[in-house]
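Presented below is the structure to which this report refers.
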Amino acid sequence: MNINIKTFNNWALQNKDEGMEKGHTSSVNKIFEIISSESSIIKKSFNFLDLGCGNGWVVRKALNNKNCQYALGIDGAPEMIKKARKIDKKGDYINTDIEHWSFNKTYDIIFSMETFYYFSNLDSIINKIYNNLNKNGMIIVGIDHYLENKPSLSWDKEFNLSLNTLSIQEWVSKFKINGFKNVQCIVHDKKEDWNGTLILYAKK
Ligand SMILES: C[S@@+](CC[C@H](N)C(=O)[O-])C[C@H]1O[C@@H](n2cnc3c(N)ncnc32)[C@H](O)[C@@H]1O
């Protein structure tokens, strides 16, 4: 188990996943708004993948949409997946390190909230995502730790984490060099010293 997964496994044991769910809800609602307004994917049957799903709350949210035929959540922390499976019998969950996981099928929507900057080999993951998105499929991720968001820059020491710190421009480039053409981003919920959640999205 890597240092990040270990930390979040402990968080699950302390029920801190519930605080994350609360804290990330506004950004995830914005992400679902973007999915609806930017594409017609969810107007017909679709499948959904959540990379770093925590307790599975976004998998359940996706499955609330009548057109969602299948949703899979992946997380490295066994205690997160244990919670997800206990709450939810409809969603599928896999407990594994995403950096060593091979995709089991192709997806219409690949989503991730607050997980991408824990990956050490971003190119490999973004490339795999590109190859496993269906035609017109969408990748959409929310990120709170990035260079311009100053309060997030001490999280490695504060919470015992290993972080990959990129600027907004570097995040956009990562998606472009791994095949995505029309990469867009917004910053959501900016407040005083908090720069907001960086939401990055692109269609195949
Ligand atoms: C900040 S939490 C976010 C959880 C959830 N997306 C949410 O918004 O509540 C990050 C999650 O990513 C998972 N994670 C981090 N690195 C991972 C990796 N390499 N493979 C699988 N899961 C990972 C952690 O276990 C943790 O549950």
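Observations, loosely collected:
- Residues satisfying the stated conditions in the range 1-49, i.e. away from the ligand (no atom under 12 Å from the Cβ), touching a Gly at 6+ places or on another chain (Cβ under 9 Å) and either among the small types (Gly, Ala, Ser) or part of a loop (DSSP other than H, G, I, E, B) (or both): 39
- Taking the range 136-155 as the range and being closer than 19 Å to residue 50 by Cβ and touching a residue at least 40 places away in the same chain (Cβ under 8 Å) as the test, the residues that pass are 137, 138, 139, 140, 141, 142, 143, 144.
- When residues of the range 56-71 are limited to those that are touching a helix residue (DSSP H, G or I) at 6+ places or on another chain (Cβ under 7 Å) and part of a strand (DSSP E or B), the one farthest from residue 8 (Cα to Cα): 68
- Unmet criterion (only one of (1) modelled with pLDDT of 95 or more; (2) in a strand (DSSP E or B)) for residue 117: (2)
- If the condition is being buried (at least 21 other Cβ atoms within 10 Å of the Cβ) and in a helix (DSSP H, G or I), then the range 72-82 contributes 80, 81.
- Selection of the range 88-129 for residues being within 12 Å of the ligand (Cβ to nearest atom), surrounded by fewer than 16 Cβ atoms within 10 Å (Cβ to Cβ) and either within 12 Å of the chain's Cα centre (by Cα) or among the hydroxyl-bearing types (Ser, Thr, Tyr) (or both) yields 96, 120, 124.
The values are calculated or read from the model by the stated rules, or taken from the named source; none is laboratory data. Note that the structure is predicted; figures quoted are calculated from it, not measured. Because the Cβ atoms are built from the backbone with ideal geometry, glycine has one as well, and the counts that use them run over all protein chains shown.
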